[in-house]
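Since the structure comes first, as structure tokens, the remarks are kept for the end.
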Amino acid sequence: MEEVTQPKVYFCTCIALLALLALTWLIAYVDLGPSNLIVALAVAIAKAIVIALFFMHIKGSSRLLHLAAVAGVIWLLFLISLTLGDYITRGWVPLNH
């Protein structure tokens, strides 16, 4: 039998996402220098975690669903590392023009 989620949880989740949205909007107008990207990515990761835990019902679910979520994150990191590896090594081979 599935656990029924209270409306208060969805309301608090919505408030948290709106606060993170406001923080994202503020970061866009504040010049933090090189750490601007790091802060923006940290806020985006926090929003993704909130959505996954509460809207996708990973919190309080079975271990199989936890395993599927972790496997998805590992696969995403693998694909990002391949893309960054390609991007970083593009300047190593000289072009013959």
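The values are calculated or read from the model by the stated rules, or taken from the named source; none is laboratory data. If you're wondering where the values come from, they're calculated on a predicted model, not measured in any experiment. FYI the Cβ positions are ideal-geometry reconstructions off the backbone, even for glycines, and counts take in every protein chain you see. Accessible surface areas use protein heavy atoms only, side chains included; no ligands, DNA or RNA. Shrake-Rupley method; radii C 1.70, N 1.55, O 1.52, S 1.80 Å.
The table below lists the values:
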| item | result |
| --- | --- |
| Flag if Tyr29 is among the hydroxyl-bearing types (Ser, Thr, Tyr) and either under 13 Å from the mean Cα position of the chain (by Cα) or surrounded by 10 or more Cβ atoms within 10 Å (Cβ to Cβ) (or both) | no |
| Options Thr13, Thr24; residue that is surrounded by 12 or more Cβ atoms within 10 Å (Cβ to Cβ) and touching a Phe, Trp or Tyr at 6+ places or on another chain (Cβ under 7 Å) | Thr13 |
| Options Ala40, Ala52, Ala28: the member that is in contact with a helix residue (DSSP H, G or I) (Cβ under 6 Å, 6 or more places away or on another chain) and either among the hydroxyl-bearing types (Ser, Thr, Tyr) or modelled with pLDDT of 85 or more (or both) | Ala40 |
| Which numbered condition Pro34 misses (of (1) more than 21 Å from Gln6 (Cβ to Cβ); (2) touching a Cys at 6+ places or on another chain (Cβ under 9 Å)) | (2) |
| Selection count where residues are modelled with pLDDT under 90 and either open to solvent by 90 Å² or more (accessible area, probe 1.4 Å) or under 24 Å from Glu3 (Cα atoms) (or both), scope the range 67-97 | 9 |
| Where a residue in the range 57-70 is on the phi < 0 side of the Ramachandran plot and its partner, wherever it lies, is part of a helix (DSSP H, G or I) and not aromatic (Phe, Trp, Tyr), with Cβ under 8 Å and at least six apart | Ile58/Ala52; Ile58/Leu65; Ile58/His66; Ile58/Ala69; Lys59/Leu53; Ala69/Ala52 |
